[in-house]
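Peer 1: Right, I'll just put the structure down here and ask away after.
The values are calculated or read from the model by the stated rules, or taken from the named source; none is laboratory data. Since we're looking at a predicted model, the values are computed, not measured. All Cβ positions, glycine included, derive from the backbone under ideal geometry; neighbour counts span all protein chains shown.
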Amino acid sequence: MAADIEAGQTSVLIIPWSGSDSKLRAGRTILFAGQGRIELVRITGVLNDRLIVSPAFSSSFRAAESAAYLLETVELYLDSKQSILRRRVNGTSGQPLLEEVSSFEPAYDQPGNLVSIRLGTGPRKEKSHELLFYPKNTAGT
């Protein structure tokens, strides 16, 4: 952040870094944290060193006492037409992870901060698999 943010503001002045042009684009999510508060906003536009965001900030943030974190959104989904489990990062096209997937059942246990994913594989669902993991960056969700 190059300047303070006031409640109600819908833009943020930033200090660009090497490679920021390719990372800061519409659709990306940023977490702002400072003074005991956090907010998630989505970039809706980029004008030079200014980000246009939505929703408007409900809190104020002082640049000297705050930090901004560009989040990575990772989606796992079943392409049922092709029976392929795919992974999509930040809205890009889904890359194949596993073929012959017949079922995909994700679940999230918030108190335990545990994600479970159940998969059925094989042309006749003859194998089942379960993945368990702890997600990162769950603040504010």
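Peer 1: Could you go through region 84-93 and let me know if any residue there is in contact (Cβ under 8 Å) with a residue 12 or more places away in the chain, loosely packed, with under 13 Cβ neighbours inside 10 Å and in contact with an Asp or Glu (Cβ under 7 Å, 6 or more places away or on another chain). Please lay out each step first, then the result.
Peer 2: Looking only at region 84-93, we keep the residues that are in contact (Cβ under 8 Å) with a residue 12 or more places away in the chain, and these are 84-85, 87-91.
Add one more test, that the residue is loosely packed, with under 13 Cβ neighbours inside 10 Å, and what stays is 89, 91.
Of the ones still in play, those that are also in contact with an Asp or Glu (Cβ under 7 Å, 6 or more places away or on another chain) are 89.
Yes; the residues of region 84-93 include at least one that is in contact (Cβ under 8 Å) with a residue 12 or more places away in the chain, loosely packed, with under 13 Cβ neighbours inside 10 Å and in contact with an Asp or Glu (Cβ under 7 Å, 6 or more places away or on another chain).
Peer 1: Take the conditions at pLDDT 90 or above, outside the structural domain of F57 (by TED's automatic domain parsing) and out of contact with any strand residue (DSSP E or B) (no Cβ under 7 Å at 6 or more places or on another chain) and apply them to Q82. Does it pass?
Peer 2: For Q82, the condition - at pLDDT 90 or above, outside the structural domain of F57 (by TED's automatic domain parsing) and out of contact with any strand residue (DSSP E or B) (no Cβ under 7 Å at 6 or more places or on another chain) - is met.
Listed here are the residues, each with its yes/no results for (1) part of a strand (DSSP E or B); (2) at pLDDT below 90; (3) not assigned by TED's automatic domain parsing to the domain that holds I117.
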position	(1), (2), (3)
A3	no, no, yes
P16	no, yes, yes
V41	yes, no, yes
V46	yes, no, yes
A56	no, no, yes
A64	no, no, yes
A67	yes, no, yes
R86	yes, no, no
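Peer 1: Here is a further query. Hey, can you tell me all the residues within region 8-41 that are without any contact (Cβ under 8 Å) to a residue 60 or more places away in the chain, among the charged types (D, E, K, R) and surrounded by 13 or more Cβ atoms within 10 Å (Cβ to Cβ)? Give the steps one after another, and end with the answer.
Peer 2: Step one: filter region 8-41 for residues without any contact (Cβ under 8 Å) to a residue 60 or more places away in the chain, giving 8-26, 29-30, 32, 34-37, 41.
When the remaining residues are screened for being among the charged types (D, E, K, R), the result is 21, 23, 25, 37.
Residues satisfying the conditions are R25, R37.
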